[in-house]
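Peer 1: Can you read through this structure? Questions will come right after.
The values are calculated or read from the model by the stated rules, or taken from the named source; none is laboratory data. Just so it is clear, the model here is predicted, and its values are computed rather than measured. As a convention, Cβ positions derive from the backbone with ideal geometry for all residues, glycine included, and neighbour counts pool all protein chains shown.
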Amino acid sequence: MSQQLESDRMAGPAMDEVLDDLPDGVLVVDDGGRVRHLNAVARRLLEVDGRPGDDFCDVMTLQDLDGNSWLDCVDPFHGLSARRMLLESSWRSPSGREVLVTAAISRDPATRAVRQVALALRDARSRERVDRGRSDLVATVAHELRSPLTGVKGFTATLLAKWDLLTDSQKLLMLSTVDADADRLTRLISELLDVARIDSGRLSLMKEPLNLPAVVSRQLAPLSASNGRGITVESEGDPTVWADADKLAQIVANLVENAVRHGGGNVAVTVIARTDGGAELVVDDEGEGIPEEIRSRIFTKFWKHGQRGGSGLGLYIVGGLVAAHAGTVSVESAPSGGARMRVILPEGKPEAVD
């Protein structure tokens, strides 16, 4: 034990400096109930001026809402010998601040006796921000889903109630609207699934050699016919990249649809062959552009700019898909004053392919 104390005393200052740099509170107690380490964040959350060597009872000031102390309720030094982890729970400091506490119990392999208890403490306000962000996400998704569902419900209810009173042209108009709203719902759900795959790192790619100008032209043909806006395509070189065909088409479609939605005139798409074997995809619109101070936010979830509609997921998905291909995407100013989206894709040729 004396050797352990001497070792702790020599390593103590260096360890305390490391622990003070952590964002969460850390409190480590030995088998005798004496504090071994207590960082600055833990002192602030526990509202004590504790030091190594202090009694655990004097430092651990947290209580539940009924005034019961953490030590009395948890008692990490007794109980089941198999207990090694204490799940996160909420407690209150003397001033009423909510503190989240987790703990790990280190035991002697032979006797199962407690050798050390390490506690991690976190201000609950950080968790509140995360929960608020999740609530905002749910509210946004619910709003986006409710809008087309309201149209579907309204028109189907009218068709069922007044089928015999409606003309064929009225029925056709209502059914066409229901079909369009169903397509919108399908597209939104697909976007949400893509977001989930990107966030969880489960996005899989099936790479193959693709001629980028051909992919762009093929993807833009239906878009040009449907929106009535001028979409021009130019190629500087004839680059081929190794990419997932569906994901690459989705990148092109999302960028061009975003330019059509927010731009005020024609949309210009340019494919550029790079000297390193990769390629660039540049999409210019003639809208108002995107101010420099908000450009860092445009690839975040549910980001919207201006009064035009949309789910706010398109550019976030573009960022995730481009990153999955080891590429980069950025926003600049177009020569017309609008926004320019620039995607840089590496050649991406697998090493196993000659």
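Peer 1: How many residues are part of a strand (DSSP E or B), farther than 19 Å from Asp20 by Cβ and among the charged types (D, E, K, R) when one looks only at the range 93-123?
Peer 2: 3
Peer 1: Could you tell me whether Val48 is closer than 21 Å to Val114 by Cα, surrounded by 14 or more Cβ atoms within 10 Å (Cβ to Cβ), assigned by TED's automatic domain parsing to the domain that holds Arg122 and not charged (D, E, K, R)? Outline the logic, then answer.
Peer 2: Values: closer than 21 Å to Val114 by Cα: no; surrounded by 14 or more Cβ atoms within 10 Å (Cβ to Cβ): yes; assigned by TED's automatic domain parsing to the domain that holds Arg122: yes; not charged (D, E, K, R): yes.
Against the criterion (closer than 21 Å to Val114 by Cα, surrounded by 14 or more Cβ atoms within 10 Å (Cβ to Cβ), assigned by TED's automatic domain parsing to the domain that holds Arg122 and not charged (D, E, K, R)), Val48 does not qualify.
Peer 1: Sticking with this one: Of these, Asp164, Asp136, Asp131, Asp66, which one is acidic (Asp, Glu), surrounded by fewer than 16 Cβ atoms within 10 Å (Cβ to Cβ) and at pLDDT 90 or above? Spell out how you get there, then give the answer.
Peer 2: Working: Asp136 fails: at pLDDT 90 or above; Asp131 fails: at pLDDT 90 or above; Asp66 fails: at pLDDT 90 or above.
Asp164 is the lone residue from the list that is acidic (Asp, Glu), surrounded by fewer than 16 Cβ atoms within 10 Å (Cβ to Cβ) and at pLDDT 90 or above.
Peer 1: May I ask you to verify whether Arg274 is in the same structural domain as Met341 (by TED's automatic domain parsing), basic (Lys, Arg) and without any contact (Cβ under 8 Å) to a residue 60 or more places away in the chain? Before you say what the answer is, go through the steps one by one.
Peer 2: Details: in the same structural domain as Met341 (by TED's automatic domain parsing): yes; basic (Lys, Arg): yes; without any contact (Cβ under 8 Å) to a residue 60 or more places away in the chain: no.
Here the answer is no, as Arg274 does not meet what is asked.
Peer 1: Let me ask something else about it. Would you call Val233 surrounded by fewer than 18 Cβ atoms within 10 Å (Cβ to Cβ), in the same structural domain as Thr275 (by TED's automatic domain parsing) and not in a helix (DSSP H, G or I)? Outline the logic, then answer.
Peer 2: On the way: surrounded by fewer than 18 Cβ atoms within 10 Å (Cβ to Cβ): yes; in the same structural domain as Thr275 (by TED's automatic domain parsing): yes; not in a helix (DSSP H, G or I): yes.
For Val233, the condition - surrounded by fewer than 18 Cβ atoms within 10 Å (Cβ to Cβ), in the same structural domain as Thr275 (by TED's automatic domain parsing) and not in a helix (DSSP H, G or I) - is met.
Peer 1: Here's another thing I want to ask about it. Given Leu149, Leu192, which one is in contact (Cβ under 8 Å) with a residue 60 or more places away in the chain and either surrounded by fewer than 11 Cβ atoms within 10 Å (Cβ to Cβ) or assigned to a helix (DSSP H, G or I) (or both)?
Peer 2: Numbers: Leu149 fails: in contact (Cβ under 8 Å) with a residue 60 or more places away in the chain.
Going through Leu149, Leu192 in turn, the sole match is Leu192.
Peer 1: Could you check the range 262-300 and list, in sequence order, the residues that are in a loop (DSSP other than H, G, I, E, B) and closer than 14 Å to Leu220 by Cα?
Peer 2: The one that is in a loop (DSSP other than H, G, I, E, B) and closer than 14 Å to Leu220 by Cα: Asn266.
Peer 1: While we're here: Kindly provide the set of residues from the range 235-278 that are polar (S, T, N, Q) and over 30 Å from Gly312 (Cβ atoms), ordered by number. Full working, then the answer.
Peer 2: Looking only at the range 235-278, we keep the residues that are polar (S, T, N, Q), and these are 235, 240, 250, 254, 258, 266, 270, 275.
Across the range 235-278, the qualifying residues are Ser235, Thr240, Thr275.
Peer 1: Can you name the residue in the range 62-80 that is in contact with a strand residue (DSSP E or B) (Cβ under 7 Å, 6 or more places away or on another chain) and in a loop (DSSP other than H, G, I, E, B) and is also farthest from Val41 (Cα to Cα) among such residues? Talk me through it step by step, then tell me what you get.
Peer 2: Let us first name the residues in the range 62-80 that are in contact with a strand residue (DSSP E or B) (Cβ under 7 Å, 6 or more places away or on another chain), namely 62-65, 69-70, 74, 76-77.
Next cut, in a loop (DSSP other than H, G, I, E, B) only: 62, 64-65, 76-77.
Details: Leu62: 14, Asp64: 20, Leu65: 22, Pro76: 22, Phe77: 24 Å.
Once the filter is applied, the top-ranked residue is Phe77.
Peer 1: Can you find a residue that is modelled with pLDDT of 85 or more and not assigned by TED's automatic domain parsing to the domain that holds Leu192 anywhere in the range 306-316? So that I can check it myself, show each step before the final result.
Peer 2: We begin by selecting, within the range 306-316, every residue modelled with pLDDT of 85 or more; these are 315-316.
Then keep just the ones that are not assigned by TED's automatic domain parsing to the domain that holds Leu192; that gives 315-316.
Yes, the range 306-316 contains a residue that is modelled with pLDDT of 85 or more and not assigned by TED's automatic domain parsing to the domain that holds Leu192.
Peer 1: Could you name every one of the helices (runs of 4 or more DSSP H) located completely within the range 1-61 that has at least 2 residues being modelled with pLDDT of 85 or more and in contact with a Ser or Thr (Cβ under 7 Å, 6 or more places away or on another chain)?
Peer 2: Working: elements: 2-20, 40-46, 56-59.
Helices (runs of 4 or more DSSP H) meeting the threshold: 40-46.
Listed here are the residues, each with its yes/no results for (1) in contact with a strand residue (DSSP E or B) (Cβ under 8 Å, 6 or more places away or on another chain); (2) over 30 Å from Gly327 (Cα atoms).
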{"residue": "Lys162", "(1), (2)": "no, yes"}
{"residue": "Leu166", "(1), (2)": "no, yes"}
{"residue": "Leu175", "(1), (2)": "no, yes"}
{"residue": "Arg184", "(1), (2)": "no, no"}
{"residue": "Leu188", "(1), (2)": "no, no"}
{"residue": "Gly201", "(1), (2)": "no, no"}
{"residue": "Pro209", "(1), (2)": "yes, no"}
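Peer 1: Something else about it: Can you find a residue in the range 251-261 that is part of a loop (DSSP other than H, G, I, E, B), in the same structural domain as Gly289 (by TED's automatic domain parsing) and farther than 30 Å from Val138 by Cβ? It would help to see each step written out before you state the result.
Peer 2: Of the range 251-261, the ones part of a loop (DSSP other than H, G, I, E, B) are none.
No, there is no match, as no residue in the range 251-261 is part of a loop (DSSP other than H, G, I, E, B), in the same structural domain as Gly289 (by TED's automatic domain parsing) and farther than 30 Å from Val138 by Cβ.
Peer 1: So which of Asp168, Asp179, Asp183 is under 21 Å from Phe302 (Cα atoms) and not assigned by TED's automatic domain parsing to the domain that holds Gly312?
Peer 2: Details: Asp168 fails: under 21 Å from Phe302 (Cα atoms); Asp179 fails: under 21 Å from Phe302 (Cα atoms).
Asp183 is the lone residue from the list that is under 21 Å from Phe302 (Cα atoms) and not assigned by TED's automatic domain parsing to the domain that holds Gly312.
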